[in-house]
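Report on the following structure.
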C-alpha cells in the first residue's frame, strides 16, 4: 500500500505522480515535499517581502478567484493557498536569482509563488494569474538512479526520460499565456481598480498608431508595427508618459525619442505586459494547421484548445492523443509534442 504524504494546503500533495526509484525513495520525496510546504519562502528572499497595499491585495485576490475557477473547469483539483503568494520588493527576484528569473516564479515543490512589486496594479494582477495557472497545473516528479529528483511533468510539458527533450514546452507556456490574456480581457479591462492603467495605455497606443499611419510606411512594415503596438496590454506609468506625448511645446522627434527610450527600458525590465506573444502565436499557428490537415475531422479551434488545456491541467494525455492521432494519423501526437518542444539544457 502506498502512503501518500500531503502538505498543509488542504492536504494537497506537491506531485500527482512520482516515477522512478523504489517505493521507499518515493515516500521519502513525498515526506520531504510535505515538510517543505510547512515552511515559508526561502531565506534568501525573506528580507525582500513587502506588505501588500489594499489595491495589491485586491488584485491578488482577483487573480486567485479567476484562476481557481478556470483551472477547475479544465479538470484541475488543486487549490492554491493565497497566504503562500509572496509580494517582494521591486527588482528582488532578478537580484537574488542573478538574472535567471525576472519578475516572478512558482515553486510546485514548496507550493509557493513570489512576484516582484510592480508600479502597475494591472501588471501585478496578470503576473500573479500567470504563476497561479502554472501552480494549478499537473505536476509529477522523477527519481533518478542516484536518488536525486526533478520535475518530470509540468502541465502538458514533459521531459524525455533521458532529459534530452522538453516535449510541449512551448504549448505549456502558450496555454498559460492564453488563459492569462483571457483574465486580462474578462477581468482587468472591466474592473474599476485598473481603470487608469487601461485608459492611459489605450491613449498611448492610439497616439503611436496614429503617428505610424501618418508616417506612410510600406505596408509590411506598417502591419508589423501596428500588430506589435496592439499587443501591448499595459504600459506602466501611462499617465506621465501620455502627458509627455501630448505636450504641445515638445517637438515630435523629441516625443518619439522619449517614447522609444522609455519603451525599451520598460520592456527590458519586464514591466510592459505583452503576455508571451511569441508563444501564443506559434501555438495558434499549430492549432490552425492541425485543423487544416484534419480535413474536417477537427473544425473548432476553441474545442481543440480546450483539449490541450485539459491535458495540461489534468495530466491526462490520452483524450488529446486520440483526437490528434485519429484526425491526422498514428504518430502525429508525438510529432506535435516534439514540434512544440525544445532541447532541454
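Residue pairs whose Cβ atoms lie under 9 Å apart, sitting 6 or more positions apart in sequence or on different chains, and linking a residue in segment 194-223 that is on the phi > 0 side of the Ramachandran plot and not assigned by TED's automatic domain parsing to the domain that holds residue 58 to a partner that is surrounded by 14 or more Cβ atoms within 10 Å (Cβ to Cβ) and modelled with pLDDT under 95, are 216/222. Number of residues in segment 52-92 that are free of Cβ contacts under 8 Å to residues at least 24 places away in the same chain and either over 19 Å from residue 138 (Cα atoms) or in a helix (DSSP H, G or I) (or both): the value is 10. Residues of segment 259-298 being modelled with pLDDT of 90 or more and loosely packed, with under 15 Cβ neighbours inside 10 Å, which ones? Hits for segment 259-298 are 284, 285, 288, 289, 292, 293, 295, 296, 297.
The condition (being closer than 29 Å to residue 237 by Cα and assigned to a loop (DSSP other than H, G, I, E, B)) is satisfied by just one residue among 119, 131, 173, 95: 119. Of the listed requirements (1) within 18 Å of the chain's Cα centre (by Cα); (2) under 29 Å from residue 189 (Cα atoms), residue 109 misses just one: (2). Report yes if residue 75 is under 25 Å from the mean Cα position of the chain (by Cα) and more than 21 Å from residue 128 (Cβ to Cβ), otherwise no. In short, yes. Within the option set 91, 104, being out of contact with any helix residue (DSSP H, G or I) (no Cβ under 8 Å at 6 or more places or on another chain), under 23 Å from residue 194 (Cα atoms) and at pLDDT 85 or above holds for one residue only, 91.
Take residue 336 and tell me if it is surrounded by fewer than 18 Cβ atoms within 10 Å (Cβ to Cβ) and part of a helix (DSSP H, G or I). Break it down into steps so the answer makes sense when it comes.
Values: surrounded by fewer than 18 Cβ atoms within 10 Å (Cβ to Cβ): no; part of a helix (DSSP H, G or I): yes.
Against the criterion (surrounded by fewer than 18 Cβ atoms within 10 Å (Cβ to Cβ) and part of a helix (DSSP H, G or I)), residue 336 does not qualify.
One residue stands out among those in segment 152-170 that are in a loop (DSSP other than H, G, I, E, B) and touching a residue at least 24 places away in the same chain (Cβ under 8 Å): the one that is surrounded by the fewest Cβ atoms within 10 Å (Cβ to Cβ), which is 164.
So that you can scan it fast, the table gives a plain yes or no per residue for (1) over 21 Å from residue 79 (Cα atoms); (2) in contact with a strand residue (DSSP E or B) (Cβ under 8 Å, 6 or more places away or on another chain); (3) modelled with pLDDT of 80 or more; (4) outside the structural domain of residue 311 (by TED's automatic domain parsing):
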site: 4; (1), (2), (3), (4): no, no, no, yes
site: 9; (1), (2), (3), (4): no, no, no, yes
site: 12; (1), (2), (3), (4): no, no, no, yes
site: 23; (1), (2), (3), (4): yes, no, yes, yes
site: 28; (1), (2), (3), (4): yes, no, yes, yes
site: 31; (1), (2), (3), (4): no, no, yes, yes
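Scanning segment 13-39 for residues that are in contact with a helix residue (DSSP H, G or I) (Cβ under 8 Å, 6 or more places away or on another chain) and without any contact (Cβ under 8 Å) to a residue 24 or more places away in the chain turns up just one, 13.
State all residues of segment 49-88 that are in contact with a strand residue (DSSP E or B) (Cβ under 7 Å, 6 or more places away or on another chain) and surrounded by fewer than 16 Cβ atoms within 10 Å (Cβ to Cβ); if no residue qualifies, say none. Full working, then the answer.
Residues of segment 49-88 in contact with a strand residue (DSSP E or B) (Cβ under 7 Å, 6 or more places away or on another chain): 49-50, 52, 56, 60, 84-88.
Those that are in contact with a strand residue (DSSP E or B) (Cβ under 7 Å, 6 or more places away or on another chain) and surrounded by fewer than 16 Cβ atoms within 10 Å (Cβ to Cβ): 49, 50.
Assess whether residue 223 counts as being over 19 Å from residue 272 (Cβ atoms), loosely packed, with under 14 Cβ neighbours inside 10 Å, modelled with pLDDT under 85 and out of contact with any strand residue (DSSP E or B) (no Cβ under 9 Å at 6 or more places or on another chain). It would help to see each step written out before you state the result.
On the way: over 19 Å from residue 272 (Cβ atoms): yes; loosely packed, with under 14 Cβ neighbours inside 10 Å: yes; modelled with pLDDT under 85: yes; out of contact with any strand residue (DSSP E or B) (no Cβ under 9 Å at 6 or more places or on another chain): yes.
Spelling it out, residue 223 is indeed over 19 Å from residue 272 (Cβ atoms), loosely packed, with under 14 Cβ neighbours inside 10 Å, modelled with pLDDT under 85 and out of contact with any strand residue (DSSP E or B) (no Cβ under 9 Å at 6 or more places or on another chain).
The values are calculated or read from the model by the stated rules, or taken from the named source; none is laboratory data. Not measured: the values here are computed from a predicted model. Note: ideal-geometry Cβ built from the backbone for every residue, glycine included; neighbour counts use all protein chains shown.
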